[in-house]
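Right, one structure below, let's go through it.
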Protein chains: 2
Amino acid sequence: MAQEQESKPRERFTEISIAEFFSKNKELAGFSNPTRALYQTVRELVENALDATDSHGILPDIKVHIREVEPETEDRPARYEVTVEDNGIGVPKTVMAQAFGKVLFSSKYVIRQNRGMYGLGVKAVTLYAQTTTGRPVFVVSSQENSEYVYYQKVKIDVKRNEPLVTEDGQLLKRSSWHGTVVSALVEGDWQRAKPKIIEYIRRTAVVAPYAEIWLVTPENEIYFFPRATKKMPKPPREAKPHPHGVDLEQVKVMLESTKAGNLLDFLKEEFQGIGDKTATEFLRSIGLRSDMSPKTLLRKDRAKELEEFVTKLRTFKGFRGPRSDYLSPIGEELIELGLTRMFKPEWVKAVTRPARAYQGHPFIVEAGIAFGGSIEPQEEPILLRFANKIPLLYEEREDVSYKVVTSVDWSRYGVQEPYQLAVLVHVASTKVPYKGVGKESISDVPELESEIRNAVLEVARSLRLYISRKQREEMVKEKLVTIAKYIPEVARSLAILSLPPEKLDKQYRELEARARELLISSVSSSVEMPKIDGRRADPRALVEAIIKGVEIEEVR
Amino acid sequence: MAQEQESKPRERFTEISIAEFFSKNKELAGFSNPTRALYQTVRELVENALDATDSHGILPDIKVHIREVEPETEDRPARYEVTVEDNGIGVPKTVMAQAFGKVLFSSKYVIRQNRGMYGLGVKAVTLYAQTTTGRPVFVVSSQENSEYVYYQKVKIDVKRNEPLVTEDGQLLKRSSWHGTVVSALVEGDWQRAKPKIIEYIRRTAVVAPYAEIWLVTPENEIYFFPRATKKMPKPPREAKPHPHGVDLEQVKVMLESTKAGNLLDFLKEEFQGIGDKTATEFLRSIGLRSDMSPKTLLRKDRAKELEEFVTKLRTFKGFRGPRSDYLSPIGEELIELGLTRMFKPEWVKAVTRPARAYQGHPFIVEAGIAFGGSIEPQEEPILLRFANKIPLLYEEREDVSYKVVTSVDWSRYGVQEPYQLAVLVHVASTKVPYKGVGKESISDVPELESEIRNAVLEVARSLRLYISRKQREEMVKEKLVTIAKYIPEVARSLAILSLPPEKLDKQYRELEARARELLISSVSSSVEMPKIDGRRADPRALVEAIIKGVEIEEVR
C-alpha cells in the first residue's frame, strides 16, 4: 500500500499510564480538596480493613489513628499521618508492593460483594500521599500462618505504573498477630473533615455492630465503638459470572481460556446457574451442537454465530437467576437495631427484599424506616444510604435512593410535614453501579430503582398501618372515654332508681357494683381495639383506667 | 533474605487493563443505561468534532446523523448508528487506530483548554459499541494537506488495551475535503434520549453560534442550527506547566527529560511565567545555584532538596499567574446574544471575569443572567452550565454552580419568587475539575466556587440596580402622574383667574399655553429619572404623555 509522506500533525498524540491518569485527576477518585481527600483516605483504608476481616469470617478489630504531623502554613495545608490497623487475613508478601503500588492490580476483580469495587482506593491514597507530601505509604502485614511480619514502604512510578519499594524488611513473628497496618502521610484539613469522618465511622459501626472500632483523632480524642454482638452475617462468596451479565468481549476471553472440551461443559463449568438440562435446552434453542469445541466459535467465519450465542446468553429466560446466596445483606434485625440506637424512634421496621438482578449482577435491597420518637423534625426525610455495608455521605442528591425517597408522597402513608422520619437504604451487590470511582452515589439503573422503591414502600405500608391503627385506637379511646366516664354515674343512678328507698342503704353498694360491672362488660365488648405491631390494647383495662381517672378527678 | 513458604493466599490478586476496567464499569464514563449511553455517544463524538475545528481556527460544519438500524426486541434495546462528521484537521493515519482503539492514548494530554479532558470519550464509545452490538467503530479521515482519505474499522482488544483493526484502506482524495467521520453502532433508547440530545445540541449552538450544526434524527426530522456569525473566539493554545500546578512526580519527569543544562534554564524553558529575573530570585530564595545541573536534583542524597524545590515551586509568590491569554472564553457579547435568543428576556447581562488559578491551572469564569420577559416563572432560577463550551445537562444538583446559584438570596437582588430568572455559568480552564469522567458536574474547588460566586453576584448587582431603578422610575412616574394630570386644569384656571373677563376671549389660549408650558417645565425639571442601562427616560416627554392621556380620557 502506498504510504504518503504525512505533513506534521497539528495535534500531539501521547499515551499516559493509568497511574499518571489518576495522579493528574485525583478528584475523580474523591481527592478533590484537602477535606475530601482526608475523608477519602480514611474511607479507603477502613474499607480495605473491613474487607480483610468480616468478608473472611473474622470479627473485625479496626484501629484508626489520625495524627497531625505538620501544621498548616501560609503555603500549604496541614499534613496528617493516617494509620489504619486491622486483624484481617493479611497481604501476601509476594503481592504487597503491587497491591499498594500498581493501579489496576487488586484482589477485588472477582465476582463477589466487596466494599472495594474498583481496586483503586488504596492506590489512590498512595498517589495522593506521594504527590502531596512525597512520602511512600508504609505497610506492615502478616498472614495467619506466616512466621514473619513483612513491611514495605511503597510509592508508585507513575510513568510506568509500577511499584517503587523504598524500604523492605521482615521480622520473625513472636505472637499470633495477623492483619495489616497501613500508614499514609497526606495533606488534609482535619477541622472540616472531622464531622464527616466521625459520621462515617459511626454509620459503619451501625451496620457492622460486630466490629470493634477505635478512632483516635489529632486532638487525641478517642471515639470507641464497642462490639455489640459476636453474630456476624454470613460472609459474601465469590461466584462465577451469570450468563445475563456477560458481554461479547468477556465471552471471547472465556472461550479462549476454558478447559472445557465442548460447549455443553463450557456452559456448565464457566457460568453460574446452568445445569445439564438447561445447557442442552439453551444450545438446542440456538441450533448449536453440544459437542462443538468452544474454540470453534472464535473462528472468524463464526463471528455471526458467536454474536448470536452471546445475545442469547444475555437474554435466555431459562437460566436460574443470579446467585444471591453468595451476597451478604445486613439483615432486618441489625438494621432495626441500628436505627433504634441512632434515633430512639417511636416505631422502626426493616425489610430485606428477595434478590433481583440487573444486567446479570445479583443485588439485594434492604430498607428500614424509623418514625417519631426522638427524631428531629426535618423538611425532608433523613436518608441513610449504604452500599455493600459502606455508608455513603456525599452527593446524596444525585443518588437513586434520594430520587426514590423524595418522590414518595409521604402524606399517603400518614406521615405529616415536618418529617420525623429516617429512611435507610442498603444495596448489596457483586457490582454496585456507582456514578464515580469515589463511590459516593449510585446510578439510577432501572431494576435497582424499582427495587429500592419496592423496599421503601413495603416498609412505608407497614408504617401507614401502624399510624392508621394508632389513629383508630385513639378514636376508639376517645369514644370509650365519652361513654365510659359516665359509667360510675349511670351505675349509681341505676342502683338508686331500681331500689326501694328502704333497701337503698343495704343493697346499694352491691347493686351499684353489679350495674357497673355490667356496663363495663357491655362497653368493653362492644369495641374492638386495633392490633398494633401484633399487640392489641385490652378495652376492659382501658375502660377501668378511664373510670379511675374520672373518679380521681371527682375526688380532687 | 530468608523467604518462607507462604500459605495459599486467601485472596486472588489479578491485574486488569484500563480497557477492561472501563469495559466493565461503563457507567463511570456515562454509559449507565441505554438512554444515557446514546446521549453520551453523541456528546463524545460532537465534542471531538468541535475540538478538531474551532480549536484550530476552522469554522465548524458538524453533521450528526442518528439512524435506527434494528428496532427494540423483547430481549434487548434498539440499535442505532450514530455518525458524526466534521470539517476539522483530521486524524493522522499513523495514530488513527490508537486514537480510537487504545484507552489513555490521546491528543488531549497537553495543557490546553479542550472540550475533551481525559482522552477517554471516543474510546468509551468504541468499548460501548463493541460490547453491546459487537461492531467496530468506522473512522474516515483526511488531513488538510493529505492526498488520501484513510478509513479504518477499529475495536479494542480489552485484555491488552490495544487497537484491533478489522478493516483498513485509503482512497485518493479528489476534493479539498478534510475532516473526520466517525460512525458507531450502539444500543440505545432514542425516545428517552431525544429531548436531552436536542437540548445538548441547542445549547452547544448557543455558545458556538459560529458553528453550523445539522442533526438528523431516526424519524428523519432535521434540526438545523445555522451559522449566526463568522466571528470566532480566539482558539485556545497549548501552554507549558505553571509552577504552582506541578507535583513531585511531574517535576521528576521534567528533570529527567529536560534539555536544559542548568537549573536556571530549566526553570525558564520548562515552565510558563518564569523569566530570567524571577528564576534567579527563586533559586536564591531556596539556596540552589543557577548553574547546577537539573539531573543533580534527582540523586538519592538530594531527595530532601528536591522535595523542598517542588514545595517552593508550588507556593513561591514571585511567579506570574498562570497564562490566561491561552484560554478561550465565550465572551460577554455571545453570552448575552445566546441568552436573549433562548429566553427573550426583559433584561440580560453577562460578565467575563479576569483569569484566576487553582492548583496552578488557569481558569476564567463567565456568568450571564436573563431576567423577566418570556422566561417561564420557576421555583428555582433556571441554571445553564457550560464547561470549556460544553453544555452540562446531567447531575445539576451536585455541581458547584448549582450550589452557588441556590445559595444566593435573590430577594436581596430584587428578584421575587417565582423566579423569572436564568443564570448561565461558564468555566473555561486547561483543567476543569469534573466529578467524573462522564463530565457532567464540576467539583467544589474553593477557588472556583468563590470565583463563580463573584461572577454571578457581579451580574446580580447590575440586575439589582436595574430592578431598583425600574422601581424608582415607577415611583417617580406615579408621582408625576399625580401632579401632571392636574396641569391642564391648573393652566386653565390660572388663565381664567389672571385675565380680566373682557380679555378672556382674546388672550385666553395664549395664556393657557404659557401657563401650561411653565408648569410642565417646572414639574419636569423637579424630578430626576433614574438611569437604566445607561439610558434615562425624558421626564418632559413623560409629563406630556400623561397630560395627553388625561385629555384623551376627558374627551372620551
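A single member of B:T83, B:T94, B:T41, B:T35 is at pLDDT 95 or above, polar (S, T, N, Q) and assigned to a helix (DSSP H, G or I), and it is B:T41.
A search for C-beta distances below 6 Å between a residue of the stretch B:396-422 that is within 11 Å of chain A (Cβ to nearest Cβ) and surrounded by 13 or more Cβ atoms within 10 Å (Cβ to Cβ) and any residue that is part of a helix (DSSP H, G or I) and charged (D, E, K, R), counting only pairs 6+ apart in sequence or on different chains, returns B:R397/A:R397; B:E398/A:E398; B:V400/B:E449; B:Y402/B:E396.
Each row is one residue, and each column tells you yes or no for (1) free of Cβ contacts under 8 Å to residues at least 60 places away in the same chain; (2) more than 30 Å from A:A367 (Cα to Cα); (3) exposed (fewer than 14 other Cβ atoms within 10 Å of the Cβ).
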{"position": "A:Y466", "(1), (2), (3)": "no, no, no"}
{"position": "A:Q471", "(1), (2), (3)": "yes, no, yes"}
{"position": "A:E478", "(1), (2), (3)": "yes, yes, yes"}
{"position": "A:R492", "(1), (2), (3)": "yes, yes, no"}
{"position": "A:L497", "(1), (2), (3)": "yes, yes, yes"}
{"position": "A:P501", "(1), (2), (3)": "yes, yes, yes"}
{"position": "A:R509", "(1), (2), (3)": "yes, yes, yes"}
{"position": "A:E517", "(1), (2), (3)": "yes, yes, yes"}
{"position": "A:I520", "(1), (2), (3)": "yes, yes, no"}
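Would you confirm whether or not the stretch A:66-80 contains a residue that is of a type in the set (S, T, N, Q), surrounded by fewer than 19 Cβ atoms within 10 Å (Cβ to Cβ) and assigned to a loop (DSSP other than H, G, I, E, B)? Yes, that holds for at least one residue.
Confirm whether B:R227 is open to solvent by 50 Å² or more (accessible area, probe 1.4 Å), touching a Phe, Trp or Tyr at 6+ places or on another chain (Cβ under 8 Å) and at pLDDT 90 or above. Yes: the conditions hold for B:R227. Residues in the stretch B:100-114 that are open to solvent by less than 10 Å² (accessible area, probe 1.4 Å), at pLDDT 90 or above and either closer than 24 Å to B:G188 by Cβ or more than 9 Å from chain A (Cβ to nearest Cβ) (or both): B:G101, B:V103. Can you find a residue in the stretch B:458-471 that is under 60 Å from the mean Cα position of the chain (by Cα), assigned to a helix (DSSP H, G or I), within 25 Å of B:A370 (Cβ to Cβ) and of a type in the set (V, I, T)? There is at least one residue in the stretch B:458-471 that is under 60 Å from the mean Cα position of the chain (by Cα), assigned to a helix (DSSP H, G or I), within 25 Å of B:A370 (Cβ to Cβ) and of a type in the set (V, I, T). Go through the residues of the stretch B:64-83 one by one and say whether even a single one is among the aliphatic types (A, V, I, L, M) and over 17 Å from B:L38 (Cβ atoms). No, the stretch B:64-83 has no match at all. Counting only helices (runs of 4 or more DSSP H) that fall entirely inside the stretch B:481-556 and contain at least 1 residues that are closer than 30 Å to B:S462 by Cβ, the qualifying elements are B:504-526, B:539-555. The conditions are (1) outside any strand (DSSP E or B); (2) touching a helix residue (DSSP H, G or I) at 6+ places or on another chain (Cβ under 7 Å); (3) modelled with pLDDT of 90 or more, and A:E6 fails exactly one of them. Which is it? Every listed condition holds for A:E6 apart from (3). A single entry from A:I156, A:I201 fulfils the requirement of being in a helix (DSSP H, G or I), open to solvent by less than 40 Å² (accessible area, probe 1.4 Å), in contact with a strand residue (DSSP E or B) (Cβ under 8 Å, 6 or more places away or on another chain) and in contact (Cβ under 8 Å) with a residue 40 or more places away in the chain: A:I201. Output the residues belonging to the stretch B:119-145 that are part of a loop (DSSP other than H, G, I, E, B) and at the interface with another protein chain (Cβ under 7 Å from one of its Cβ atoms). Answer for the stretch B:119-145, where residues must be part of a loop (DSSP other than H, G, I, E, B) and at the interface with another protein chain (Cβ under 7 Å from one of its Cβ atoms): B:G134, B:Q143, B:N145. Scanning the stretch B:204-218 for residues that are touching a helix residue (DSSP H, G or I) at 6+ places or on another chain (Cβ under 8 Å) and either within 23 Å of B:T73 (Cα to Cα) or open to solvent by 40 Å² or more (accessible area, probe 1.4 Å) (or both) gives B:T217, B:P218.
Checked against (1) more than 14 Å from chain B (Cβ to nearest Cβ); (2) open to solvent by less than 10 Å² (accessible area, probe 1.4 Å); (3) of a type in the set (G, A, S), A:S443 passes all but condition (1). I'd like the residue in the stretch A:90-99 that is crowded, with 24+ Cβ neighbours inside 10 Å and at negative phi and, out of all such residues, is farthest from the other protein chains (Cβ to nearest Cβ). That would be A:V91.
Look at the stretch A:215-228: where a residue is of a type in the set (S, T, Y) and a partner is buried (at least 17 other Cβ atoms within 10 Å of the Cβ), sitting 6+ places away or on another chain with Cβ atoms under 6 Å, you get A:T217/A:I66; A:Y223/A:L215.
The values are calculated or read from the model by the stated rules, or taken from the named source; none is laboratory data. Computed from a prediction, not measured in an experiment: that's the story for all the values here. Quick reminder, even Gly has a Cβ in these numbers, built from the backbone with ideal geometry, and neighbours come from all protein chains shown. Side chains included, ligands, DNA and RNA excluded: accessible areas come from the protein's heavy atoms. Shrake-Rupley method; radii C 1.70, N 1.55, O 1.52, S 1.80 Å.
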